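Shown next, in structure tokens, is the structure this report addresses.
Rule-based calculations on the coordinates, nothing more; no lab input. These figures come from a predicted structure and were not determined experimentally. With ideal geometry, Cβ positions are generated from the backbone for all residues, glycine too; neighbour counts draw on all protein chains shown.
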Amino acid sequence: MAKPQVVVAPVVISKLSVNAPEFYPSGYTPNLTATSVPNFSYMGARLCNYLSHNLTINPQSGNFRQLLLHRCRKEYENRDEAAKGDEAARKRFHAFVLFLAELYLNLEVKGTKGQLTRAEILQTGLHELLNTLFSNPVDNNLTCAVKLLKLTGSVLEDAWKEKGKTYMNEMIQKIENVVLDANCSRDVKHMLLKLVELRSSNWGRVHITSTYREATPENDPNYFMNEPTFYTSEGVPFTAADPDYQEKYQELLDRQDLFHEYEENGTDLSGAGDPYFDDDDDDDEMDPEIEEAYEKFCLESERKRKQ
């Protein structure tokens, strides 16, 4: 009896390269680095944490977390050049800074006693990145610093205090110097003042001693703390917590990430013809409320210097 023939499917050899457009999702631009993709930072950091604990392949060059930190270090070492570079270089640098901030918050490593903790090296890196941003006080560097501190300020300050370090006080002093001396826009100075105010309120945190409840806008005063803040043409800030601006807030949030359009185009977030942001007054005077807060801040800073 003849043996049955085994039919072997023909091998299909693709002529496409690994960089062929067929392998990229619709709308993806291959020449972008991962951290420059809008809204990548948070999900990317979460993914990196997952892979660091679950990816079992260990090449000779190191495991996933070692390779990730090595790649971050290469970007970190170019921080001074990037902060002083052209618009494109700074934009790429800012994306890296905010990714590193999310990585610090989300990457878990085992401590000496087996407990999960944050990566110490990233904490040190963020401190130096803040120094770099404040040492080159152009508008988009300062905007990046504000974002970084709004995202990680409370965690960084707690960690520094545990070590007996006063680094956050030094950061606030740098902000005061920028507000008083740097040639940045009034909008950026106002953002810096609001950041100082946020820090003075312990980063908006309220200690709640009651039993755990799922966080909602009604029962958690910190619910909106990490949401971005937008400003009207009168300089009045509004967030997701303001009922009068919820529709406009969501429209701006859907349009782009915080200040993404500002950084890209060198303009404000308004867009032409927006009734919430249009300003018919072409002069460069501060609004009375902002000016009063700014003068008060300057007088207080001078008083502290003379003490």
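Where the only charges are on Cβ atoms (+1 Lys, Arg; -1 Asp, Glu), what is the dipole of the range 149-201 about its Cα centre, to the nearest 20 debye?
Numbers: 9 positive and 8 negative charges, 13 e Å.
The dipole of the range 149-201 has a size of about 60 debye.
The length gained by stretching the chain between Ser135 and Val196 to full extension, at 0.36 nm per residue less their Cα-Cα distance, is 20.2 nm. Taking other residues whose beta carbon is less than 9 angstrom from the beta carbon of Leu116, and scoring Lys, Arg as +1 and Asp, Glu as -1, yields +1. Between Arg71 and Lys113, the contour length at 0.36 nm per residue exceeds the alpha carbon distance by 12.4 nm.
Report the FRET efficiency, 1/(1 + (r/R0)^6), for Asn183 and Lys296, where r is their Cβ-Cβ distance and R0 is 25 Å, rounded to 0.05. Working from the Cβ atoms, E equals 0.70.
Once both labels are positioned 7 Å from their Cα atoms along Cα-to-Cβ, the gap between Val206 and Ala88 label points is 4.8 nm.
For the range 64-137, averaging the sequence separation of C-alpha pairs within contact (under 8 Å, six or more residues apart) and dividing by the residue count gives a relative contact order of 29 percent. Rg ratio for the range 102-172: its Cα radius of gyration over 2.2 N^0.38 Å, N being its residue count, equals 1.17. Counting Lys and Arg as +1 and Asp and Glu as -1 over every other residue whose Cβ lies under 12 Å from the Cβ of Ala82, the net charge comes to 0.
Classified by the C-alpha gyration tensor, the range 30-181 has an oblate form. Its axis ratio a/c, with a ≥ b ≥ c, is 1.5 or above, and a/b does not exceed b/c.
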